[in-house]
Amino acid sequence: MSSSHVLVLNCGSSSLKFAIIDVQSGSEVLSGLAECLAEQQPLIKYKYDGTKQTITLNHGDAHQVAIAQLVELVKKLGLDKHLIAIGHRVVHGGEHFTHSVLITKGVLNAIKQTSTLAPLHNPANLLGIEAAQAAFSSLPQVAVFDTAFHQTMPPQAFLYALPYSLYKEHGIRRYGFHGTSHYYVSTQAHKVLALDQQNSRIVSAHLGNGCSVAAIKNGQSVDTSMGLTPLEGLVMGTRSGDIDPGIFTFLVNQLKYSPTQIDLLLNKQSGLQGISELSNDCRTIEEAAANGHEQAQLALDIFCYRLAKQIAAFAVPLGGLDALIFTGGIGENSNTIRAKVVSGLSFLGLQLDDDKNLAARFGQQGVITTSSKPCAIVIPTNEELVIATDSAAIAQEL
Ligand code: AMP
């Protein structure tokens, strides 16, 4: 076994996703998820050497305990000897970070400062960093930001039409998220489709529980659908995406909603869940729609309509379209959603190949359209690999 392993940590508010990646081969040595942290029955599920295992934690155990257990596991499996770095997914880097960085005191402070922009995410990411620093004090720790890839957006794309002082004094602007995924799949698309990196127009659609599209020109993000927070843009599992901000005032004045209730409504009770009143899970909704559930069908229709509209809009910053990428749980697996979206975009020259669309599922990559340009392609995302590769590169420079 070579010393080319990176431990990748993605610390959420009640979960911790982890993986050990061998950056030489790109393979996953260990992967797992600690979930329900600080709740009733926290547990760690992991996969090593093809076998799935579970570690039960005690009631209320939170991130620190999960990381301590993970460290014990890594040591027990003898994997610690091969680690060269630890890579952390950090959700919000604000305008501080345009690429991945070695975590220093200054970097930690900047991530803390940016917590006002991502109060649910950055504090959890910081917990992971601090616990990992304590457990692996001799290893370099690297932060990889979800926002960094979108820092190339021009002001006309990232500014809101609000008083300019809100941007200058409070950083209120569009940042965009899923940057690591958009970067990975667009880089893969350049390779697979033999696109000229200096002359390419790609729209990447990351469709999971959270959904966003990015307009990528010559390898750089020039626009994206998420904004100051991951709430803006497309219809998502439980998030509304774009709505008239006037609804906010209506909810407060007429229905007496508090800010907390509005936050909950827009982030947790809307989207596919809100429209269908059934589920936030695309599989459940597709199944129900196929069985005649009208609101499930409506949820799918709205999801696809808004998505196709946003993709078409991105032909403006790109000046056309060479490739449309589908990724994320829905993008990689739902041939139904892809078919609906591509059919809504036929005026751009996209023509679905039904057989290829059916074949590109469950981890299978592939072009799903008949023509070569523009084309639509399914590319399974691999954010962990980007985090591991960036972390290894930074560690090797030290
Ligand atoms: P992610 O956040 O990337 O894990 O994606 C989660 C979403 O992918 C959920 O809405 C799932 O229902 C959806 N998904 C996963 N597999 C399928 C599938 N076979 N068909 C439709 N949607 C799927």
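The values are calculated or read from the model by the stated rules, or taken from the named source; none is laboratory data. Keep in mind that this is a model prediction, so the values were computed, not measured. Positions of Cβ are generated from backbone atoms using ideal geometry, with glycine treated the same way; all protein chains shown enter the neighbour counts. Each accessible area value is taken on the protein alone, full model and side chains, heavy atoms only, with ligands, DNA and RNA left out. Shrake-Rupley method; radii C 1.70, N 1.55, O 1.52, S 1.80 Å.
Which one is nearest to Gly128 (Cα to Cα) among residues in segment 138-178 that are modelled with pLDDT of 95 or more and of a type in the set (Ser, Thr, Tyr)?
Thr147
How many residues does segment 289-304 contain that are open to solvent by 20 Å² or more (accessible area, probe 1.4 Å) and within 13 Å of the ligand (Cβ to nearest atom)?
Number of matching residues: 1.
This table checks each residue for (1) within 12 Å of the ligand (Cβ to nearest atom); (2) open to solvent by less than 30 Å² (accessible area, probe 1.4 Å); (3) part of a helix (DSSP H, G or I).
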residue	(1), (2), (3)
Phe326	yes, yes, no
Ser343	no, no, yes
Leu350	no, yes, no
Gly363	yes, no, no
Ser371	no, no, no
Ala395	no, yes, yes
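Would a scan of segment 200-211 turn up a residue that is away from the ligand (no atom under 16 Å from the Cβ), open to solvent by 40 Å² or more (accessible area, probe 1.4 Å) and more than 12 Å from the chain's Cα centre (by Cα)?
yes
Assess whether Leu321 counts as being under 19 Å from Thr224 (Cα atoms), assigned to a loop (DSSP other than H, G, I, E, B) and modelled with pLDDT of 95 or more.
yes
Does Asn333 count as touching a residue at least 24 places away in the same chain (Cβ under 8 Å) and touching a Phe, Trp or Tyr at 6+ places or on another chain (Cβ under 7 Å)?
yes
Rundown of residues vs (1) touching a helix residue (DSSP H, G or I) at 6+ places or on another chain (Cβ under 7 Å); (2) away from the ligand (no atom under 16 Å from the Cβ), yes/no style:
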position: Leu234; (1), (2): yes, no
position: Asp244; (1), (2): no, yes
position: Gln261; (1), (2): no, yes
position: Asp281; (1), (2): no, no
position: Arg306; (1), (2): no, no
position: Leu318; (1), (2): no, yes
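Check Gly292 against each of (1) out of contact with any helix residue (DSSP H, G or I) (no Cβ under 6 Å at 6 or more places or on another chain); (2) small (Gly, Ala, Ser); (3) closer than 30 Å to Thr187 by Cα and name the one condition it does not meet.
Here Gly292 clears every test but (3).
Kindly indicate which of Leu266, Leu307 is assigned to a helix (DSSP H, G or I) and open to solvent by less than 20 Å² (accessible area, probe 1.4 Å).
Residue meeting the stated conditions: Leu307.
Residue check, Ser181 against (1) open to solvent by less than 20 Å² (accessible area, probe 1.4 Å); (2) within 15 Å of Leu231 (Cα to Cα); (3) within 16 Å of the ligand (Cβ to nearest atom), all met but one. Which one?
(2)
Under the condition of being modelled with pLDDT of 90 or more and exposed (fewer than 15 other Cβ atoms within 10 Å of the Cβ), which residue from segment 48-72 is nearest to Leu127 (Cα to Cα)?
Glu72
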